[in-house]
Each structure stands twice: as structure tokens, then as C-alpha cells.
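Encoded as C-alpha cells, the structure appears first; notes follow it.
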Amino acid sequence: MEQGFNRRRFLLSTAGIAGGLALPGAPLFAQSANKIRVGLMLPYTGTYAALGTAITNGFKLAVEQGGGKLGGREIEYFTVDDESDAAKAPENANKLIKRDNVDVLIGTVHSGVALAMTRVARETKTLLIVPNAGADEITGPLCSPSIFRTSFSAWQPAYAMGQVMAEKKHKNVVTLSWKYSFGEQSVAGFKEAFEKAGGKVVKEMYLPFPNVEFQPYLTEIAALKPDAVFVFFAGGGAVKFVKDYDAAGLKKTIPLYGSGFLTDGTLEAQGDSAEGILTTLHYADGLDIAKDKAFRSAYAMAFKMQPDVYSVQGYDAAQLFAAGLAGVGGDVTKREALIAAMEKATIDSPRGRFTLSKAHNPVQDIYLRKVEAKQNKVISVAAKALADPARGCRM
């Protein structure tokens, strides 16, 4: 039976670790009184701040539901604001790995930052669980036994949307995204499915991250008059884009579609401008799943707000790590057995149960959702048990 949420303990855990930083090489158990050291490297400022907070909340909620423990061991948190800055990522990751001697690294949102983290984790053989960033390389060419993901690849929701838009008989489509790895790979995944089904991408548009000056692109879309538009944006950029698209009068004449990040965690700010938008993602509002109903209730009680896909991914990162710890009796030094237990796990997620591919990416359902009354309501399953192709993974 799930335990109630201990608000006092949660607040203490999120208050930061004052002092107590271990000397490099000091015995783990002496350092932390048998606590598991969890490094959270996520954005807590800037465009993706709300996403980093949601992931953190989800992870810590799962720990609380385990009585404040994972695998029978208490948890000690170490946090770094990655600022969504890829240039700072190696230094920030090494702070947690070498200074704080964390047992597991959790991060991050921005794919450019996550790619840098992945390279550091591979070099140092640190256990890394990616709770959001979808860069295909993470479970592709950079795959590693010690690197796992509890979210998605860029390819998964975008590929599913390519199929959906083809089924809706759209023939000529314009795409628009920020020009960084996740945006480009989202467009590539969409294009692969859409063109395989006979559609055509008449123009791919990109703007630098995190630029939100959309007007020139909206003007060009209006001139091109495509059947529909597919985009990737998230966070604050998604809010502004959806509002600008509506204000430009395009919503009424050219249907807007996107990977689910366009409308996840953003609907309050987007208001009526988001109404009716269709997106694809591995989570949705209105799922008839008992685990999801329990999760949403517990999250709302703990944080006085509704969860979103980011909080689910954080929650599942903790569940995956817990599965590994359970397989080794909480002994993180049994690395191979810990990894083997994580690989074999079936995660009872609020999104629905999922397993992991050989490349350590979720094999999961992708839902078609429609924005109705500030919710991403599930319409159907756009792709059942969709596995990323993991191109370039040699594991």
C-alpha cells in the first residue's frame, strides 16, 4: 500500500544539502550513513525551469511513497542547476560525480546538455538515468550499459504524429522547430513516417534556441499555405508560439500539430489559444489506468497542482532505480547486477506499463491527445508499444 506524503520530510529534502560534502575517495557508507547519493542535474532557472521542478517533484514523490527510501536505503540529494547550458554541462556533471560522489545521476531536460552529460557518464562509468531529454544519440550511438532513459526518444512521438497526419490526409506540410538536436531529430522522425505514407514536407524551418521571435516564420507559413504545420517547442517557447500562431489568425485556416511537449505543462498559460490542438505523447489526461489515478491524486495533494508528463518521467526514474536496487538488496556496489535488474524491469508507470529496449529506452504506447478545457485529453493510441529503432547502438 502506498504511504502518505510526508510534507515535512519532503521540504527538508528539497532544502539543499548544507555541508556534508564528502572528500573524494572517502568510503561511501562513512560519508552518508548508508544513504544513497542521488545527483539531480536539471534546469531550475530559464525556459525549462518548470520542467526541471516537475521532474524533481515526481522523483521525490516516488521516494516518499517508499517511506523515504529506495531499495531499503535512505536518500541524500545533491542538486545542480544546469541552466540549459550545454557549455557548462561537463563541469556541472563532474561536480556531482567527482565532488559529491553520487551513486546515480538524474538529468536532464535540454538535449544538448544531456548529450554532454551522457559523454561524461560514459567516461566515468557513472549510472545515468535521463528523465526527459530525447536526443536519439543517448540510446543510439552513445548507448551504454550504465545509461538509461525513462522518457522517450525524439523519434517516438514525432514518428507517431507523422502517421497520424498522413491518416488525416494532409499532403503538404511545413515544419518549424528550434535548431538544436532534439528539434531537428523530432522533425526527422516526423518526416520519416509522414513521407513514408506519401506526404511531403514542403519546407523545414528552424530558429536558434531559445529564440521566440516567431513572426517572420508565421508570415512565411501564411504565404506557403500548407495543409498543416508540425512543430516542436516546449516550456515558455511553446506558450508564446501557440499564442502567436492563434493571434496571427493561422489556427483557423492551417491546423497545428506537434509532439506533446507543445501543450504539456503549458496549457494554463496558453489559454484558449491551445484549444483543439492535437499532439502525440506517451502520457495524456483521462487515461483509464489505476496507477495514473493514484499518482495524480498523490501529486496534487503534495504539490497543490496537477502533474504532467515531466513529473511522470521523474517518478519513473525513481521507480526504475528502485527496481535496480531491489535486485541487489540496496547494494549499489553490485553494479552489473543492479544494471541487469533495471534492464529486466517492467515499470508500473502512470502512463501505462512499459519495458526497456536493449538500448535502455522505453518501449511504450504513444497517445493521440486533443486539448479540451485546458487538458490534453486522450483520443486514442496513436502507436502501440512503439520501440525506438536505436540506430547506431552497438550494445
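The values are calculated or read from the model by the stated rules, or taken from the named source; none is laboratory data. These figures come from a predicted structure and were not determined experimentally. Every residue, glycine as well, gets a Cβ built from its backbone with ideal geometry; the counts of neighbours run over all protein chains shown. Note: accessible area is taken over every heavy atom of the protein model, side chains too, but ligands, DNA and RNA are not part of it. Shrake-Rupley method; radii C 1.70, N 1.55, O 1.52, S 1.80 Å.
Residue separation of ALA300 and LYS69 scaled by 0.36 nm, minus their Cα-Cα distance, works out to 81.1 nm of gained length.
Helix 181-196 versus the longest principal axis of the chain: what is the Cα-based angle in degrees, 0 to 90, to the nearest 10? The helix 181-196 is inclined about 50 degrees to the chain.
Checking the cross-link pairs LYS191/LYS344; LYS169/LYS191; LYS179/LYS304; LYS169/LYS243 against a 23 Å limit on the alpha carbon distance flags LYS191/LYS344; LYS179/LYS304; LYS169/LYS243 as lying beyond it. Note on LYS179 and ALA87: their simple-model spin labels are 1.8 nm apart, each label 7 Å out from Cα toward Cβ. For the pair ASN34 and VAL363, label points projected 7 Å from Cα toward Cβ lie 3.7 nm apart. Which angle from 0 to 90°, rounded to the nearest 10, does the C-alpha axis of helix 215-224 make with the longest principal axis of the chain? Helix 215-224 sits at roughly 50 degrees to that axis.
Cα centroids of region 274-349 and region 166-234: 30 Å apart.
On full extension of the chain, what length is gained from TYR206 through GLU275, given 0.36 nm per residue of separation minus the C-alpha to C-alpha distance?
22.4 nm
Give the shape of region 155-281 as rounded, prolate or oblate, defined through the alpha-carbon gyration tensor: a ≥ b ≥ c are the square roots of its eigenvalues, a/c under 1.5 means rounded, and otherwise the shape is prolate if a/b is larger than b/c and oblate if not. Rounded is the answer for region 155-281, as its axis ratio a/c remains below 1.5.
Averaged per residue, what accessible surface does region 155-281 expose to a 1.4 Å probe, in Å²? For region 155-281, the per-residue accessible area is 37 Å².
The loop-placed GluC sites (Glu not before Pro) in region 172-275, going by DSSP, that have at most 11 neighbouring Cβ atoms within 10 Å of their Cβ come out as GLU213. To put it simply, the accessible area of the chain at a 1.4 Å probe is 53 percent carbon and sulfur. For region 155-281, relative contact order (Cα pairs under 8 Å, six or more residues apart, normalised by length) works out to 28 percent. For the pairs LYS125/LYS293; LYS88/LYS384; LYS225/LYS370; LYS293/LYS370, flag any whose C-alpha to C-alpha distance is greater than 28 Å. Among LYS125/LYS293; LYS88/LYS384; LYS225/LYS370; LYS293/LYS370, the Cα-Cα distance tops 28 Å for LYS125/LYS293; LYS88/LYS384. Which residues does a label at VAL381 reach in region 350-365, if reach means a backbone N under 20 Å from a point 7 Å past the Cα toward the Cβ? Residues 350-358, 361-365 fall inside that zone.
Annotation: extensible slack from THR355 through LYS225 equals 42.7 nm (criterion: 0.36 nm per residue apart, minus Cα-Cα distance). With Cα atoms defining each centre, region 239-261 and region 119-142 are spaced 33 Å apart in the structure. With a cut-off of 14 Å between beta carbons, the residues surrounding PRO90 carry a summed charge of +1, where Lys and Arg count +1 and Asp and Glu -1.
In the chain, excluding the sites themselves, the longest stretch lacking any of the trypsin sites (Lys or Arg not before Pro) that are in a DSSP loop with at most 14 other Cβ atoms within 10 Å is 1-124.
Accessible surface computed residue by residue for region 59-123, with neighbouring protein chains in place and a 1.4 Å probe, gives 32 Å² per residue. Using a simple spin-label model with pseudo-atoms 7 Å out from Cα toward Cβ, GLU268 and GLU372 lie 2.3 nm apart.
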